[in-house]
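So the structure is just underneath, and the comments pick up after that.
The values are calculated or read from the model by the stated rules, or taken from the named source; none is laboratory data. Source: prediction; values computed, not measured. Note: ideal-geometry Cβ built from the backbone for every residue, glycine included; neighbour counts use all protein chains shown.
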């Protein structure tokens, strides 16, 4: 998604910026559901997508991304 990582002062970590308490639980539930679907071979996976959660409206959206060709990858930032 980001070919070059932003500088540390532009991307604070969760301890510095804070996290709305319920969001890690919601994200963890989505991740565990994805793992179960992968293991059981059922459903459509979110692989290759970015799921965005709007905590204010409790709406979600999925953004599709194309795979970066091998020759264009910058492994220092992956």
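I want to confirm something. Restricting to region 36-78 and keeping residues that are in a helix (DSSP H, G or I) and modelled with pLDDT of 90 or more, which single residue is nearest to residue 4 (Cα to Cα)? Explain how you work it out, then say what you get.
Step one: list which residues in region 36-78 are in a helix (DSSP H, G or I), which gives 36-40, 70-72, 75-77.
Subsequent filtering for residues that are modelled with pLDDT of 90 or more retains 36-40.
Numbers: 36: 32, 37: 31, 38: 30, 39: 32, 40: 35 Å.
Only one residue fits best here, namely 38.
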| request: Go through region 45-54 and count every residue that is surrounded by fewer than 11 Cβ atoms within 10 Å (Cβ to Cβ) and either touching a residue at least 40 places away in the same chain (Cβ under 8 Å) or out of contact with any strand residue (DSSP E or B) (no Cβ under 9 Å at 6 or more places or on another chain) (or both). | output: 1
| field | Inter-residue pairs, beta-carbon under 9 Å, first touching a residue at least 60 places away in the same chain (Cβ under 8 Å) and in region 5-32, second in a helix (DSSP H, G or I), 6+ apart | value | 5/76; 5/77
| task | Sort out which residues of region 1-44 are within 18 Å of residue 64 (Cα to Cα), surrounded by 11 or more Cβ atoms within 10 Å (Cβ to Cβ) and more than 13 Å from the chain's Cα centre (by Cα), and write them in order of number. | result | 43
